[in-house]
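Report on one structure; see the data block that follows.
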Amino acid sequence: MTSHEFEKLLAKYSRGQCTPAEEDFITQWYNAIDSESRNDLPVEVTARMREGAWERLNARVTARRGRPRFRAVYGVAAVVTALVVAGVSAFFLFGDGDAGGLATDALFVTPVGWLVRGNDCSEPCAVLLADGSEVTLQPGSTIRFPEHFAADKREIQLTGEAFFDVHRDTLRPFLVYANEVVTRVLGTSFTITAYTGAKEVTVAVRTGKVSVYKQAAGVDKAEAAVILVPNQQVVYNRINHRVLKALVREPQLVLDKPTLFATEYDETPVVKILEELEMNYGIDISFDDAALDGCMLTTSMADEGLYERIRIICEAIGARYALEGTSIVITSEGCTEK
């Protein structure tokens, strides 16, 4: 959240037009003004503040809380500006717009004293967390996390892109906050892409199961969360709040002992080959058994990706394929010689 956005929220608060979640958000900032950050506000920022809005906010909160807590009118602004400069996202949903099929959760603000790790290099770098989980940060990315996780949950904030290899702990779910999106796991591996100012947030799963939902108030996240399994991803559009669940760009083999390396097929039924691809990648491949009955294929495959393997098969038998959601759909009118 920028200083300008926060100023607009303050004006809305002073008019008594905030939602309960927005009022809670203001209260959290108000209660934070006793920190050293209250003196960090630059002069040029002070000049841009709307003094009337700050004064009305001070009077309103004082009446609600029973005693004043402002040392100066710029106290809240100092806290906000310091956190904005540090790159902290105030994960908050304004308005009552469509949640895009994602469930919502409460506001999350970076607690005081969290550690910050950023990658200013040109190559990915690894960060080992206290629970044994490992985060691979891409260049220009930052994570924030406590030195020691809480007894009931493990929380992380991400700006940018990172791959998470999470140590399994069924008693403490692992939560990653990235822009408006929360990713919840117990122990798995996945990639999140959530750059500041980007139009989309993407969560792509490599292993295990992941629950993804949007932050705001009023929706049961357990019921509306998007569940992802290996080789699936969800793309959340921050502009229109739409959600797209699909296959990842480059599906990976999911079997502990894959059977597709340097594979040679000699007059092998195409149906058998497709079933083997399904098993190795954990992806649904839909086709008409009757149309492919009797189709045989002689070929060899080495290090091709899934889509390349499907393309080779389809070209060999005169079929077509398309990606539909989290499935690959093959259309064929029967085998043809190529």
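Looking only at the stretch 207-222, decide whether some residue is assigned to a strand (DSSP E or B), over 14 Å from the mean Cα position of the chain (by Cα), among the hydroxyl-bearing types (Ser, Thr, Tyr) and assigned by TED's automatic domain parsing to the domain that holds LEU128. Checked the stretch 207-222: at least one residue is assigned to a strand (DSSP E or B), over 14 Å from the mean Cα position of the chain (by Cα), among the hydroxyl-bearing types (Ser, Thr, Tyr) and assigned by TED's automatic domain parsing to the domain that holds LEU128. Looking only at the stretch 140-155, decide whether some residue is touching a Lys or Arg at 6+ places or on another chain (Cβ under 9 Å), in a loop (DSSP other than H, G, I, E, B), within 19 Å of GLN233 (Cβ to Cβ) and of a type in the set (S, T, N, Q). No; the residues of the stretch 140-155 include none that is touching a Lys or Arg at 6+ places or on another chain (Cβ under 9 Å), in a loop (DSSP other than H, G, I, E, B), within 19 Å of GLN233 (Cβ to Cβ) and of a type in the set (S, T, N, Q).
When the stretch 166-186 is filtered for residues that are crowded, with 19+ Cβ neighbours inside 10 Å and not aliphatic (A, V, I, L, M), the ones remaining, listed by number, are PHE174, TYR177, ASN179, GLU180, THR183.
The values are calculated or read from the model by the stated rules, or taken from the named source; none is laboratory data. Remember, predicted model here, so these are calculated numbers, not experimental data. With ideal geometry, Cβ positions are generated from the backbone for all residues, glycine too; neighbour counts draw on all protein chains shown.
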